[in-house]
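Each remark here refers to the structure printed beneath this line.
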Amino acid sequence: MLERRGDYAFDYNLHGGTAPVTMQWLFHEQSRLPVAVQTWELPPGGTEGMHSHPDSSRALEELYLVLEGAARMTVDGQVHQLAAGDAVLAPVGSEHDLANTGSGPLRVLVVWGEPGTADYTAFGSHRSAKAARAGDATSG
């Protein structure tokens with residue numbers, strides 16, 4: 001399957017943000033992954049809107065990866081300045097907001113879903129990722 005950038009894009013207002021987000025839900029109702037995978041584009045000055053996904057409702061965890069542009073991400077009062085390649089995790093229940101701080105569009109890959117567990121220990125990349133976080137660059 002192939003889905004090209006912009007094939008199924010739509011404008012969507014998120015959580016009281018300052019501008020509609022141009023969103024594409026990748027492989028909507030086709031992928032069997034237990035997460036939503038979306039690309040978002042926010043205009044200069046655009047924000048998602050401060051919000052949370054508490055345990056009492058449908059608990060969600062969100063991962064934001066900046067693809068292009070400059071952003072500010074606030075998670076539980078901690079402010080992060082982001083550039084292309086930077087990622088932020090918004091855990092269940094955290095208050096969070098994304099803002100475009102650049103002069104051009106902000107493009108972000110957002111992966112979200114209900115928390116769960118998966119066992120990836122049999123994969124070599126899992127062992128290498130664990131070693132990288134432990135500071136052991138020779139493992140792999």
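Which numbered condition trips up residue 1, out of (1) assigned to a loop (DSSP other than H, G, I, E, B); (2) within 15 Å of residue 106 (Cα to Cα); (3) free of Cβ contacts under 8 Å to residues at least 60 places away in the same chain?
Only one criterion is unmet by residue 1, namely (2).
Restricting to segment 107-118, count the residues that are open to solvent by 60 Å² or more (accessible area, probe 1.4 Å) and touching a residue at least 12 places away in the same chain (Cβ under 8 Å).
Residues flagged as open to solvent by 60 Å² or more (accessible area, probe 1.4 Å) and touching a residue at least 12 places away in the same chain (Cβ under 8 Å) within segment 107-118 amount to 4.
Of all residues being within 18 Å of the chain's Cα centre (by Cα) and of a type in the set (S, T, N, Q) in segment 1-27, which is nearest to residue 47 (Cα to Cα)? Just the residue, please.
13
Residues are listed down the side, and each one gets a yes or a no for (1) aliphatic (A, V, I, L, M); (2) in contact (Cβ under 8 Å) with a residue 24 or more places away in the chain; (3) open to solvent by less than 40 Å² (accessible area, probe 1.4 Å):
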| residue | (1), (2), (3) |
| --- | --- |
| 54 | no, yes, no |
| 63 | yes, yes, no |
| 75 | yes, no, yes |
| 78 | no, no, no |
| 83 | yes, no, no |
| 89 | yes, yes, no |
| 100 | no, yes, yes |
| 105 | no, yes, no |
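The values are calculated or read from the model by the stated rules, or taken from the named source; none is laboratory data. Predicted model only: the values in this text are computed from it and were never measured. No Cβ is skipped: glycine too gets one built from the backbone with ideal geometry, and neighbour counts run over all protein chains shown. Only protein heavy atoms, including side chains, enter the accessible area calculation; ligands, DNA and RNA are left aside. Shrake-Rupley method; radii C 1.70, N 1.55, O 1.52, S 1.80 Å.
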